[in-house]
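Structure first, commentary second.
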Amino acid sequence: YEKAPFPEAEYAFKHAMTREVAYASLLRERRVTLHARAARALETLGAGRLDEHVEELADHAERGAIWDKAVEYLQRSGLKAYSLYANADAAAFFERALTVLKKLPETPDNLRLVVDLRFQLRNALLPSFETDRILRSLDELEPILARLGDKQRSAQYAAFRCNQHFLIGQQRRAIGFGETGVQLARECGDRVVLGESLFRLAQSYHALGEYRRAISLLEQGLEFNANELHHDRHYLSIIP
């Protein structure tokens, strides 16, 4: 029935069940076509304010088999949810994006996107301390990073692994990853990840009671100014 005639005509089903029956009666190919048309219409009508509709865009692009757009909008939906501290929703969007990404060719750009999405998934899972899911997700990155040879992302990966093993009490493993992160961050000149890695490494040495080593690492961290090692929730949940 007509819901609102102005400024443009809007139509709604009288009951959600009616809508579901009508939707289910469509052939799969027809559904895909309609979702793709809906995604493109939303892009046109919402130009300049896509963030307001990014979740709907993600859903229509995914159901409409526009895989590259689906990944883009699912990632943006996840980042939007994460910025609002809706961490469970953010994790669900990132996982959907990773599933869709498997349908695209394994180009270097897409492999880098896999890494970034898993980093973002880790950030969304961390507040609920889902360490098992985080470790499983990060484990899948090792062969990808080996193929890419991307030192900056490898340094960030090592810093995240250092933190993860610190949290579950595996300090020697944490130190191994932390030292790798420090080395790679120095090699690629990423001072943000270097400062992050020094801090995380010092935490594990402190936990082991090796205070002189922890002090040395923290003193190195004092060389960073506020602009270099700023409070960024995507890296550290505290100001180091």
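A compact table of results
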quantity: Straight-distance crosslink candidates among lysines, where the alpha carbon sits under 22 Å from LYS151 and sequence neighbours closer than 8 are dropped; calculated: none
quantity: Among GLN220, GLN203, GLN164: highest mean-square fluctuation, GNM of the chain, C-alpha pairs under 10 Å; calculated: GLN220
quantity: The chain - Rg and Dmax from Cα coordinates, angstrom; calculated: 22.3, 74
quantity: Gain in span if fully extended, GLU2 to ASP68, counting 0.36 nm per residue against the direct Cα distance; calculated: 20.3 nm
quantity: Label point distance in nm, GLU187-ASP139, each placed 7 Å from Cα along Cα→Cβ; calculated: 2.5
quantity: Helix runs (DSSP H) in the chain reaching 20 Å along axis by Cα, Kyte-Doolittle at least 0.5; calculated: 87-101
quantity: Residues THR131 and ILE215, FRET efficiency given R0 of 30 Å [Cβ-Cβ distance, rounded to 0.05]; calculated: 0.60
quantity: Shape call, segment 1-47: gyration tensor on alpha carbons, a/c limit 1.5; calculated: oblate
quantity: For the chain, built as a Gaussian network whose Cα springs stay under 10 Å, the top-fluctuating residue of LEU208, LEU125, LEU184; calculated: LEU208
quantity: Dimensionless Rg/Rh of segment 1-107 - Kirkwood Rh, Rg from C-alpha atoms; calculated: 1.02
quantity: Point-to-point label distance, HIS53-ALA207, nm (Cα→Cβ direction, 7 Å offset); calculated: 4.7
quantity: Gaussian network model of the chain, springs between alpha carbon atoms under 10 Å - residue of ALA185, ALA16, ALA207 with greatest fluctuation; calculated: ALA16
quantity: Segment 112-192: C-alpha gyration tensor shape, a/c 1.5 cut-off, then a/b vs b/c; calculated: oblate
quantity: Cα-based shape type of segment 49-172, given that a ≥ b ≥ c are square roots of the gyration tensor eigenvalues and the cut on a/c is 1.5; calculated: oblate
quantity: Relative contact order (%) - segment 1-115, alpha-carbon pairs under 8 angstrom, separation at least six; calculated: 16
quantity: Chymotrypsin sites (Phe, Trp or Tyr not before Pro) within segment 73-148: DSSP coil, no more than 14 neighbouring Cβ in 10 Å; calculated: TYR85, PHE129
quantity: Extension gain, LYS102 back to TYR23 (0.36 nm per residue minus Cα-Cα distance, nm); calculated: 25.8 nm
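Where a number appears in this text, it was derived from the coordinates with a stated rule and is not lab data. Fair warning: this is a prediction, and the values are worked out from it, not measured in the lab. Virtual Cβ from ideal backbone geometry, glycine too; neighbours counted across all protein chains shown.
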